[in-house]
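The values are calculated or read from the model by the stated rules, or taken from the named source; none is laboratory data. Fair warning: this is a prediction, and the values are worked out from it, not measured in the lab. In this analysis, Cβ positions are derived from the backbone assuming ideal geometry, glycine residues included, and neighbour counts consider all displayed protein chains. Surface accessibility is based on the protein's heavy atoms, side chains included, excluding ligands, DNA and RNA. Shrake-Rupley method; radii C 1.70, N 1.55, O 1.52, S 1.80 Å.
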Amino acid sequence: MSTPTFSILLGGNITVTDRLRAVTKGSRVIAADSGIRHASALGLIPEIWVGDFDSSDDALKAAYPKIERRAYPASKAATDGEIAIAEAISRGAERLILVGALGGERSDHVLQHYLSALSLAEDNFEVMLTSGEEEAFPLCNDAGMELDLPKGSLFSVLGFTVLEGLTVRNARYPLKNFKLTFGSSRTISNIAEGMISVTLSKGRAMLLARPYDMSGA
């Protein structure tokens with residue numbers, strides 16, 4: 001990977017897929033608390049394990065005795081994930097893959113991951129959130145991206161603000177220079193025709209893709 005890339009192993013659930021294995025292969029790895037349980041399934045070895053360890057039992061801790069562990073108090077002012085991201089940035093990360101950011105029991109953590117990703121994108125970091133089955137990418141002012149998706153798979157654009165100049169290409173429901181009002185569901189459940197292109201002139205949004213979901217085909 002030419003861009004310094006870190007996979008951050010978070011506590012949410014994942015499904016190990018070919019796309020998830022491919023995107024994390026060759027990256028440096030930091031685990032946040034119970035997120036280290038994903039390391040073995042993905043064939044990854046974290047270089048450091050951080051958090052307050054309130055969700056890591058003794059068996060999990062015993063499984064990784066040689067990995068550097070940095071403990072924080074439970075009363076800390078940041079989540080374990082935020083601490084892991086900050087650690088990656090301090091080590092030179094320019095691209096961040098947040099593994100386990102989209103699944104699990106804590107919807108507040110999932111929403112915070114979206115907000116953190118948008119903030120990081122505004123600071124010019126490349127960010128991907130993934131559960132294996134779903135992938136999400138932040139889009140901010142004057143942003144654009146292409147994403148290779150299987151023909152017939154679902155994707156959505158979630159507006160966190162009013163969106164201006166939204167253009168979606170190579171989809172069943174294309175848009176050109178579209179203004180999306182805040183709260184509108186107009187851009188939910190689009191269908192990819194293959195490699196899609198999404199550009200945005202103004203606003204904050206998340207592109208959420210489901211590459212294995214062909215229910216809309």
Ordering 23-32, 177-186, 137-146 by per-residue average of other C-beta atoms within 10 angstrom, highest first, gives 23-32, 137-146, 177-186
Of all lysine pairs in the chain that are eight or more residues apart or on different chains, those with Cα atoms under 27 Å apart total 9
Taking max minus min of the Cα coordinates of the stretch 110-169 on each principal axis, largest first, gives extents in Å of 32, 28, 18
With the 8 Å Cα cutoff and a minimum separation of six or more residues, the stretch 126-201 has a relative contact order in percent of 39
Within the set ALA59, ALA86, ALA121, GNM on the chain using Cα springs under 10 Å gives the largest fluctuation to ALA59
On the accessible surface of the stretch 113-213, probed at 1.4 Å with all protein chains in place, carbon and sulfur together account for a percent value of 48
Taking Cα atoms only, helix 80-90 is inclined relative to the longest principal axis of the chain by an angle, in degrees rounded to 10, of 90
Placing +1 on each Lys and Arg Cβ and -1 on each Asp and Glu Cβ in the stretch 60-186, then taking the dipole about the Cα centre, the residue among GLY152, SER131, LEU60 whose Cα reaches farthest towards the positive end is GLY152
Among GLY92, GLY152, GLY81, the residue with the largest mean-square fluctuation in a Gaussian network model of the chain built from Cα contacts under 10 Å is GLY92
Contact order relative to length for the stretch 1-133, counting C-alpha pairs under 8 Å separated by 6 or more residues, stands in percent at 34
Calculated from DSSP helices alone, with each H run of at least 4 adding -39500 (n - 2.57) and the total divided by the residues of the chain, [θ]222 nm to the nearest 500 comes to -6000 deg cm²/dmol
If each part is reduced to its alpha-carbon centroid, the stretch 97-162 and the stretch 1-44 end up apart, in Å, by 16
For the chain, the per residue accessible area (1.4 Å probe, Å²) is 48
Note on the stretch 48-132: alpha-carbon gyration tensor, axes a ≥ b ≥ c; rule is a/c under 1.5 for rounded, else prolate if a/b larger than b/c, else oblate; result prolate
About its Cα centre, the chain carries a charge dipole, from +1 on Lys and Arg Cβ atoms and -1 on Asp and Glu Cβ atoms, whose size in debye to the nearest 20 is 480
Given Cβ charges of +1 for Lys and Arg and -1 for Asp and Glu, the option among GLY165, ALA101, LEU120 whose Cα lies farthest towards the positive end of the dipole of the stretch 46-176 is GLY165
Counting only residues 5 or more apart in sequence or on a different chain, those whose built amide H sits under 5 Å from that of SER55 are SER34
Full extension between SER184 and ASP123 adds, at 0.36 nm per residue less the Cα distance, a length in nm of 19.3 nm
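Counting Lys +1, Arg +1, Asp -1, Glu -1, what net charge surrounds GLY43 among other residues with beta carbon under 9 Å of its beta carbon?
That sum, taken over residues with Cβ under 9 Å, equals +2.
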For GLU134, the accessible surface traced by a 1.4 Å probe with all protein chains present amounts, in square angstrom to the nearest 10, to 40
DSSP beta bridges in the stretch 21-157: the antiparallel percent, rounded to 5, is 15
D (µm²/s, integer) via Stokes-Einstein for the chain, Kirkwood Rh across alpha-carbon pairs, 25 °C, 0.890 mPa s: value 138
Longest principal axis of the chain (C-alpha) makes with the long axis of helix 107-122 (C-alpha) an angle, in degrees to the nearest 10, of 70
Treating only Lys and Arg (+1) and Asp and Glu (-1) as charged, each at its beta carbon, one finds that the stretch 1-57 has a dipole about its Cα centre, in Debye to the nearest 20, of 400
